[in-house]
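For reference, the structure is listed below as structure tokens.
The values are calculated or read from the model by the stated rules, or taken from the named source; none is laboratory data. No experiment lies behind these values; they were computed from the predicted model shown. We place every Cβ from the backbone using ideal geometry, glycine too, and count neighbours over all the protein chains shown. We work out accessible area using only protein heavy atoms, side chains counted, and drop any ligands, DNA or RNA first. Shrake-Rupley method; radii C 1.70, N 1.55, O 1.52, S 1.80 Å.
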Amino acid sequence: MHLVDTYKHKGMRRAMLQNLPIKAFIHEQVLAAMDRVPRHFFFESAFVEQAYQDKAFSIGEKQTISQPSTVAFQTELLAVESGQSVLEIGTGSGYQSCVLLELGAKLYTIEFHRSLHDRARQLLKQMKYEAYFVCGDGSVGLPTFAPYDRILVTAAAPQVPQPLLNQLKNGGVMVVPVGNAADTQQMYQIQKTMTGELIIKKYDNFRFVPLLGKEGVK
Ligand code: SAM
């Protein structure tokens, strides 16, 4: 793929970010990170206009690249600091991965579908990003490199996956949409205190594709 980010693309990106309905809630660092990632690189050239609308879009395998508002919201709740280890469940297109990398994350990202994993890995390499890519069931996490400062799940879990909670550091944060995959979900922001207690905040009305695998939707 020819990766070109023109003034027109940059303009469309800026306009999309300026008009995000939840913009007031999002820190400048998150918006700036999203501004540095050309979202149209994750789309076929015929769909460039769609890349800069606040909408989810099909990426094959019945999966989607998340809506920009949702990426902004999840990233905001995750509160990544530079140098932190971040485990992402659901690489998908790799767009959200790039936003996390722009914030300085040391990123481990897992994708269930081989075709999406291969495509995202190849594209991020072309874009000169470095991350640790795994193809497999992320619902059980990635114990080899645990514990993580941050864990982000980008698919709807029927309940908070216990293996992921176990792999979250004390003082860490996990963001995961929880609820019925056929309906809307609540976004959980889970903070694990330094003594291991969980503080959970819930936000209504999100719609994600189902989390697959052992801890996913049966
Ligand atoms: N954040 C992604 C992006 O920016 O394109 C979008 C993620 S999409 C909404 C959810 C992704 O989670 C899909 O690509 C899906 O295949 C993946 N997924 C679902 N269950 C999974 C699992 N158990 N392990 C790893 N990936 C999973």
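If you take the residues of the range 1-47 that are crowded, with 16+ Cβ neighbours inside 10 Å and of a type in the set (Val, Ile, Thr), which of them is farthest from Val99 (Cα to Cα)?
Ile26
Quick one: which strands (runs of 3 or more DSSP E) sit completely within the range 101-182 and have at least 2 residues that are among the small types (Gly, Ala, Ser) and free of Cβ contacts under 8 Å to residues at least 40 places away in the same chain? If you could, list the steps in order and put the result at the bottom.
Values: elements: 106-111, 132-135, 148-153, 168-178.
The strands (runs of 3 or more DSSP E) meeting that bar are 168-178.
Within the range 69-96, track down each residue that is in a loop (DSSP other than H, G, I, E, B), more than 12 Å from Ala155 (Cβ to Cβ) and either within 9 Å of the chain's Cα centre (by Cα) or not small (Gly, Ala, Ser) (or both). Break it down into steps so the answer makes sense when it comes.
Residues of the range 69-96 in a loop (DSSP other than H, G, I, E, B): 79-84, 90-94.
With the extra rule that they be more than 12 Å from Ala155 (Cβ to Cβ), the set shrinks to 79-84, 93-94.
Matches in the range 69-96: Val80, Glu81, Gln84, Gly94.
Restricting to the range 183-211, give me the number of residues that are exposed (fewer than 14 other Cβ atoms within 10 Å of the Cβ) and in a strand (DSSP E or B).
7
Cβ-Cβ under 8 Å, sequence separation 6+ or interchain: first residue in the range 1-24 and farther than 21 Å from Ser45 by Cα, partner of a type in the set (Phe, Trp, Tyr) and modelled with pLDDT of 95 or more. Which pairs?
Ile22/Phe73
With the requirement that a residue be assigned to a strand (DSSP E or B) and within 21 Å of Glu102 (Cβ to Cβ), what does the range 48-63 give you?
Filtering the range 48-63 down to residues assigned to a strand (DSSP E or B) leaves 57-60, 63.
Of everything in the range 48-63, those that are assigned to a strand (DSSP E or B) and within 21 Å of Glu102 (Cβ to Cβ) turn out to be Phe57, Ile59.
Filter the range 67-88 down to the residues that are of a type in the set (A, V, I, L, M, F, W, C) and open to solvent by less than 10 Å² (accessible area, probe 1.4 Å), then identify the one that is farthest from the ligand (Cβ to nearest atom).
Kept after step one, since they are of a type in the set (A, V, I, L, M, F, W, C), are these residues of the range 67-88: 71-73, 77-80, 86-87.
Those still in the list that are open to solvent by less than 10 Å² (accessible area, probe 1.4 Å) too: 71-72, 77-78, 86-87.
Working: Val71: 6, Ala72: 12, Leu77: 14, Leu78: 12, Val86: 12, Leu87: 11 Å.
Checked the range 67-88; the qualifying residue farthest from the ligand (Cβ to nearest atom) is Leu77.
Against the conditions (1) in contact (Cβ under 8 Å) with a residue 60 or more places away in the chain; (2) within 7 Å of the ligand (Cβ to nearest atom), where does Cys98 fall short? Just the number, please.
(2)
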